[in-house]
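I have placed the structure first, in the form of structure tokens, so that the comments after it can refer back to it.
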Amino acid sequence: MLGVIEEALVVIPVLESLGIDYFIGGSVASGIWGELRYTQDLDLIADIQPHHLQDLVTAFSPRFYVSEIAIQEAIDRRQSFNLIDNNTGWKIDIFVLALDLFHQNQFQRRQILTVDEQNHTLWFSSAEDMILQKIIWYHLSQNQSEQQWRDILGILKLQNNRLDRIYLDHWAEVLNVSPALKKALTESGYQVP
């Protein structure tokens with residue numbers, strides 16, 4: 001996990017210098033809240049606006065391979081683009097913040113955590129939102145991704161009674177993933193506080 005945090009501490013100050021709010025998601029966030037696993041990529045969700053385009057290209061060059069066209073398309077379609085760190089080979093996927101209520105809510109609920117002995121802090125998806133997002137991704141894999149399911153169970157086991165069950169149940173219902181959440185709660189051995 002150390003390498004990906006070091007990479008985040010290179011990329012995120014660039015976003016912050018441009019006034020772009022963000023949070024870390026994907027396997028890094030699920031590892032923070034649950035079971036750590038090796039990863040060679042970093043997923044960021046960022047509130048990137050059209051006026052940020054040129055500044056992003058300038059700020060990330062030349063250290064990172066970055067495509068202006070890819071950033072423009074990601075902004076227009078509310079999708080993702082990637083950066084490749086020319087020094088380390090790390091791949092960073094930056095997802096432009098979606099406008100739907102769940103993703104906007106997820107952004108508002110992000111949590112700041114200290115990530116190293118120098119007291120650097122970074123924003124992460126909350127544990128509850130990471131569970132919900134992982135369930136969505138699990139469904140997109142036609143319930144075949146064992147890694148997504150393992151990540152869900154890992155967060156549930158580690159966070160257990162610290163989770164906001166009312167929030168989880170509400171959004172599972174809204175997102176039509178209640179059966180998967182119930183199954184995950186059972187398999188993880190979740191204990192009602």
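Details
- Subset of segment 146-159 [open to solvent by 30 Å² or more (accessible area, probe 1.4 Å) and out of contact with any Ser or Thr (no Cβ under 7 Å at 6 or more places or on another chain)]: GLU146, GLN147, ARG150, LEU158
- For TYR190, the conditions (1) in contact with a helix residue (DSSP H, G or I) (Cβ under 6 Å, 6 or more places away or on another chain); (2) in a helix (DSSP H, G or I); (3) in contact (Cβ under 8 Å) with a residue 24 or more places away in the chain all hold with the exception of (2).
- Note on segment 165-187: residues that are surrounded by 14 or more Cβ atoms within 10 Å (Cβ to Cβ) and either at pLDDT below 95 or assigned to a loop (DSSP other than H, G, I, E, B) (or both) total 2.
- Taken over segment 17-40, the criterion of being within 14 Å of the chain's Cα centre (by Cα) and outside any loop (DSSP other than H, G, I, E, B) is satisfied by TYR22, PHE23, ILE24, GLY26, SER27, VAL28, ALA29, SER30, GLY31, ILE32, TRP33.
- Odd one out for ILE131, checked against (1) touching a residue at least 24 places away in the same chain (Cβ under 8 Å); (2) more than 15 Å from ASP21 (Cα to Cα); (3) more than 12 Å from the chain's Cα centre (by Cα): (3)
Quick grid of which residues meet (1) surrounded by fewer than 20 Cβ atoms within 10 Å (Cβ to Cβ); (2) modelled with pLDDT of 95 or more; (3) more than 27 Å from GLN72 (Cβ to Cβ):
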{"residue": "SER17", "(1), (2), (3)": "yes, yes, no"}
{"residue": "PHE23", "(1), (2), (3)": "no, yes, no"}
{"residue": "ARG37", "(1), (2), (3)": "yes, no, yes"}
{"residue": "GLN40", "(1), (2), (3)": "yes, no, no"}
{"residue": "HIS52", "(1), (2), (3)": "yes, yes, no"}
{"residue": "ASP55", "(1), (2), (3)": "yes, yes, no"}
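- The residue of segment 73-121 that is farthest from GLN40 (Cα to Cα), among those that are assigned to a strand (DSSP E or B) and open to solvent by less than 30 Å² (accessible area, probe 1.4 Å), is VAL96.
The values are calculated or read from the model by the stated rules, or taken from the named source; none is laboratory data. Since the structure is predicted, the reported quantities are computational estimates derived from the model, not experimental observations. Using ideal geometry, Cβ is built from the backbone for each residue, glycine included, and neighbour counts are taken over all protein chains shown. What goes into the accessible areas is simple: the full protein's heavy atoms, side chains included, and nothing from ligands, DNA or RNA. Shrake-Rupley method; radii C 1.70, N 1.55, O 1.52, S 1.80 Å.
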